[in-house]
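Values quoted throughout were computed directly from the atomic coordinates according to the rules given, and no laboratory measurement underlies them. As the structure is a prediction and not an experimental result, all values here were calculated from the model. All Cβ positions, glycine included, derive from the backbone under ideal geometry; neighbour counts span all protein chains shown.
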Amino acid sequence: MIPTITAFEQSPDRGQGLARDMPVRWALEEVGQPYHVRLVSFGAMKEATHRALQPFGQIPTYEEGDLILFESGAIVFHIAEHHAGLLPNDAINRARAITWIFAALSTVEPVIVQREISMYLERDKVWHEERLLIVEDRIRNRLDDLSARLGDREWLNGVFSAGDLLMVQVLRRLGGSGILDGYPNLTTYVARGEARPAFKRAFEAQLAVFTGK
Ligand code: GTB
């Protein structure tokens, strides 16, 4: 059965592949699973029909027969569980790879999202500059540790996994901030992820929505 995902009809990132349909597309491409995309407007996202799929009125969603999922991390995990290629087969390494999924989404991403909130929603506050410095310090704390753990490895736990897919996608959100420049091994880690053919196919697919081509 070919799953259907939802994505922004008009993504505010203007095709940079930062919205959360991107990791889902990337995961589907990695495992060679074709998929349909239903584009949703900001208005439609908040209506009951879409909220039946995604209670918070957001993208992405994932429909596969009777199965309806939301939360990009849960969707990527589901894809990784049901196809070869995104999680190791042996139990120990599989558990370690799953740990990196959670690390990406619950330890690294929140501080990066705080910076986005600061940049996009708090710019007019008198305390904006001061807060931004604090938030960026918190990001650097996380990146110091992540960089130390990655060291000169290609991927976080030996072979590429769903944990790397989500970590790379999370780090991509720092693009343009200059923060990653202080971490050469993380910069090349992200570039390694972006060089994967599956990433490129996913990126092109979401870009085509923006350009209309
Ligand atoms: N935890 C959920 C998940 O991982 O699926 C979060 C889903 C989510 O935040 N979806 C966003 C959304 O639907 C789109 S991706 N927002 C509409 C709303 O909440 O009303 C987040 C996003 C949006 C825009 C950019 N950007 O422009 O760079 C990047 C990421």
Inset, instruction - With only Lys, Arg, Asp and Glu charged, each at its Cβ (+1 for the first two, -1 for the last two), find how big the charge dipole of the chain is about the Cα centre; round to the nearest 20 debye. - result: 180
Legend entry - Candidates per chymotrypsin sites (Phe, Trp or Tyr not before Pro) in segment 101-134, loop by DSSP, up to 15 other Cβ within 10 Å: TRP127
Inset, instruction - Scan segment 109-141 for trypsin sites (Lys or Arg not before Pro) in coil per DSSP, keeping those whose Cβ has at most 12 other Cβ atoms within 10 Å, and list them by number. - result: ARG123, LYS125
Inset, instruction - Report the paramagnetic label zone for LYS213: residues of segment 1-38 whose backbone N is under 14 Å from a point 7 Å from Cα along the Cα-to-Cβ axis. - result: 15
Inset, instruction - Would you please classify the overall shape of segment 91-196 from the alpha carbon gyration tensor, given that a ≥ b ≥ c denote the square roots of the eigenvalues, rounded means a/c under 1.5, and beyond that prolate means a/b larger than b/c while oblate covers the rest? - result: prolate
Legend entry - Total charge dipole magnitude, segment 91-196, about the Cα centre, Cβ charges on Lys, Arg, Asp, Glu only, Debye to nearest 20: 380
Inset, instruction - Work out the FRET efficiency for HIS36 and ASP145 from their Cβ-Cβ distance, taking R0 = 30 Å, and round it to the nearest 0.05. - result: 0.15
Legend entry - Distance from segment 1-43 to segment 61-78 (C-alpha centre basis), Å: 12
Legend entry - Reciprocal mean inverse distance between Cα atoms of the chain - Kirkwood radius, Å: 18.0
Inset, instruction - For n ≥ 4 DSSP H runs only, could you compute -39500 (n - 2.57) per run for the chain, divide by its residues and tell me the 222 nm figure to the nearest 500? - result: -16500 deg cm²/dmol
